[in-house]
Amino acid sequence: MAAPSDCPIVTIDGPSGSGKGTISRALAEQVGWHLLDSGALYRLVAFAGAGAGLAADDIVGHARLAAAMDVRFGADRQGRERVLLEGQEVGHEIRSETAGQGASRVAAWPEVRAVLLTRQRAFASPPGLVADGRDMGTVVFPQARLKIFLTATPDERARRRHKQLKDKGSDVSLAALSREIAERDRRDETRQVAPLKAASDACVIDSTDLGVGAVVRRVFELGAARGLWP
Ligand code: C5P
């Protein structure tokens, strides 16, 4: 098996609701590569911490959980995502905006980020990895062969997240969601360690007026131009 540093990697970073998850999943499927949804790991740490009764400011306890938690990603027969924490399906619970806020709080702690850094790098294996997050191109996989920074206007991102949550059966107001996303982005952009920002060598794609297919095509073409796939 190739060493992780030899494994081709595409990173897709960006703020909440920019479409990173959807694009990363579609691209990974198209090219037959592995997928890392790094946001899910931060969501799981916060979720597991609450479940274990940890105080919201217990940094050491959350870092221990981040190291010890048993996590499996997969899909059911209909292709819907499955996230198993200690063998229990938690995919629905960790996708709420409340879970996103919890994730963003634990994500500001260097101790938790250090533990997850190792776990995230372990996802790199042949034939390749599509990694989705906030610091994939800047910190976790600086050697990535293609780095994308995906953006969209705040209104469009809130609208997308709103639709996504509604489709999953959550009843949340667009106005409240807009505020929560703005708060989460501010926290992610201003934290001391691994803040949300485009890598200096990232290709920035504004997806405000682009459909999923068009963005995936653009990323696919950028990868093809770098010889990542035929
Ligand atoms: O991408 P998602 O919305 O699931 O991420 C949830 C939170 O996890 C983000 O708001 C961010 O605080 C944190 N995160 C991070 N670094 C990553 C991925 C997610 O700090 N690579």
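The values are calculated or read from the model by the stated rules, or taken from the named source; none is laboratory data. As the structure is a prediction and not an experimental result, all values here were calculated from the model. Positions of Cβ are generated from backbone atoms using ideal geometry, with glycine treated the same way; all protein chains shown enter the neighbour counts. When the accessible area is computed, the model is the full protein with side chains, heavy atoms only, and any ligands, DNA or RNA have been set aside. Shrake-Rupley method; radii C 1.70, N 1.55, O 1.52, S 1.80 Å.
Of note:
- Accessible area expressed per residue, region 96-230, with surrounding protein chains retained (probe 1.4 Å, Å²): 49
- Relative contact order (percent, whole number), region 9-223, Cα cutoff 8 Å, 6+ residue spacing: 34
- Shape category assigned to the chain from the gyration tensor of Cα positions, a/c cut at 1.5: rounded
- Calculated FRET value between residue 229 and residue 55, using beta carbons and R₀ = 41 Å, to 0.05: 0.30
- Lysine-lysine proximity count for region 9-223, Cα under 16 Å, sequence distance 8 or more or distinct chains: 4
- Residues in region 69-95 that a label on residue 111 would reach, taking backbone N under 20 Å of a point 7 Å out along Cα→Cβ: 69-70
- Protein heavy-atom surface of the chain, 1.4 angstrom probe: 53% of the accessible area is carbon and sulfur, with nucleic acids and ligands not counted.
- Considering only beta bridges that DSSP places wholly inside region 9-223, some 30 percent are antiparallel.
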